[in-house]
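Here the structure is laid out as structure tokens; the discussion comes afterwards.
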Amino acid sequence: MRAYQDMVFSTAVRLTGNAAQAEDISQDVFLKAYENFDRLRSSPTAGGWLKTVATHLTLNHLTRHRKRWRLFSEIFAENEQEENIESAAAAFEGALLRMDDERRRELIERALRSLPEHQRVPLVLYHFEDMPYQDIATRLGHSLAKIKTDILRGRLALAKALTQSGLAPQPGGSCAP
């Protein structure tokens, strides 16, 4: 571990741009190494294996992280009168991504708690647990159409809750925290 910790950490931090996230990813890499210790102990390619695992885990983390905060991007206007929903969604996403992790987490958690369960549960399963719509429908015993509707309405309710907590769209599509 000591021989490779700097390489694993630097790989993760270069990809994430965040030291705290890189530390978490590095821990996960070394947990995987521990699980494969018998095989890696005498392997001349252990360093390459660790670098590959670090890269894959970091990319997986980034994919999950982006999707997690992309709560509003799938809201599309159904007609011309609602086209401002799309720009408001982009404004919310941009403002959330510019916030520090702790503040963003706090705002999202508070807003999620304000949603009714039938909206909150599918929204969390989709965005935070990376579960596909069909799996959510099956798991919750609802139709696919209901799940999609609940997630859409949950996003709209979440946007409203975020606005009430001080994250408000500004003219020109930006958002003020």
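The range 111-146 to the range 3-42: how many Å between their Cα centroids?
Here the answer is 33 Å between Cα centres.
What's the exposure ranking of Ser26, Ser165, going from fewest to most Cβ atoms within 10 Å?
Listed from fewest to most nearby Cβ atoms, that is Ser165, Ser26.
Hand me the trypsin sites (Lys or Arg not before Pro) from the range 16-48 located in a DSSP loop with no more than 15 other Cβ atoms within 10 Å, in residue order please.
Those satisfying the criteria are Arg41.
Please report the net charge: other residues with Cβ closer than 9 Å to the Cβ of Leu125, K and R +1, D and E -1. Intermediate values should be presented prior to the final figure.
Numbers: positive: Arg139; negative: Glu129, Asp130, Asp135.
Around Leu125, the charge tally is -2.
Rounded to the nearest 0.05, what FRET efficiency is calculated for Lys146 and Glu109 with R0 set to 22 Å and r the Cβ-Cβ distance?
In this case the efficiency is close to 0.35.
Got a sec? How would Ser42, Ser114 order by Cβ neighbour count within 10 Å, fewest to most?
Result, fewest neighbours first: Ser42, Ser114.
Quick note: the coordinates plus some simple rules give every number you see, no bench work behind them. Since the model is a prediction, treat every value here as computed from it, not as a measurement. Ideal geometry is used to build each Cβ from the backbone, glycine not excepted, and the neighbour counts take in all protein chains shown.
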